[in-house]
Amino acid sequence: RRWEVSQGTTIEEIIKSEVSSWDGNHYWGFVPMGFYAAQLETLYASYAREQVLVLFAEELRADFDEAIQTVLQFIGVTPMPLTQRFSHRRSYSESPVSKDVLVYLRDVYRNHNLKLQEMLGRELPWSS
């Protein structure tokens, strides 16, 4: 089942609907895409943890060169200086949701994020 949005539906209504109807088996939609621990569990069912590298977008934005060197090392390629730079041109704006919805989402994701942090053995960049 694909989610459909009726015209006039607010982001808050969509978020609450997705939370109440999530069955734990799909990851499409605004909220389920953020259940990273569950997605990693699915991945780990097919691949050894040592075969999976998890990087956060925050790490790429903070130090792109270092993140690329990490990827190269992970796949067994000798780290090398980057000769060409790519710039990320997407701009980010303030959240389109209310503070109440952000508090609600923090609560929804709390246990998922704690599990993810435990699975990865490191702090999540957005949890501080």
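A few notes on this one:
- With all protein chains in place and a 1.4 Å probe, the accessible surface of the chain carries 52 percent carbon and sulfur.
- Value of Rg/Rh across the chain [Cα atoms, Kirkwood radius]: 1.01
- For the chain, the Cβ-based charge dipole about the Cα centre amounts to some 180 debye (Lys, Arg positive; Asp, Glu negative; other atoms uncharged).
- Prolate/oblate/rounded label for region 1-70 (Cα gyration tensor, a/c 1.5): oblate
- Computed from Cα positions, the angle between helix 99-120 and the longest principal axis of the chain comes to roughly 40 degrees.
- Dipole-positive endmost among 125, 38, 11 within the chain (Cβ charges, Cα centre): 11
- Computed over the chain, relative contact order equals 29 percent, with contacts defined as Cα pairs under 8 Å that lie 6+ residues apart.
- 10 Å Cβ shell holding at most 13 others, DSSP loop, GluC sites (Glu not before Pro): longest site-free stretch of the chain: 5-93
- Our coupling estimate for region 11-16, obtained by passing each phi through the Karplus curve with A = 6.51, B = -1.76, C = 1.60 and θ = phi - 60°, is 4, 4, 5, 4, 4, 5 Hz, Gly and Pro reported as x.
The values are calculated or read from the model by the stated rules, or taken from the named source; none is laboratory data. Note that the structure is predicted; figures quoted are calculated from it, not measured. All Cβ positions, glycine included, derive from the backbone under ideal geometry; neighbour counts span all protein chains shown. To get the accessible areas, we keep the full protein, side chains included, count just its heavy atoms, and leave off ligands, DNA and RNA. Shrake-Rupley method; radii C 1.70, N 1.55, O 1.52, S 1.80 Å.
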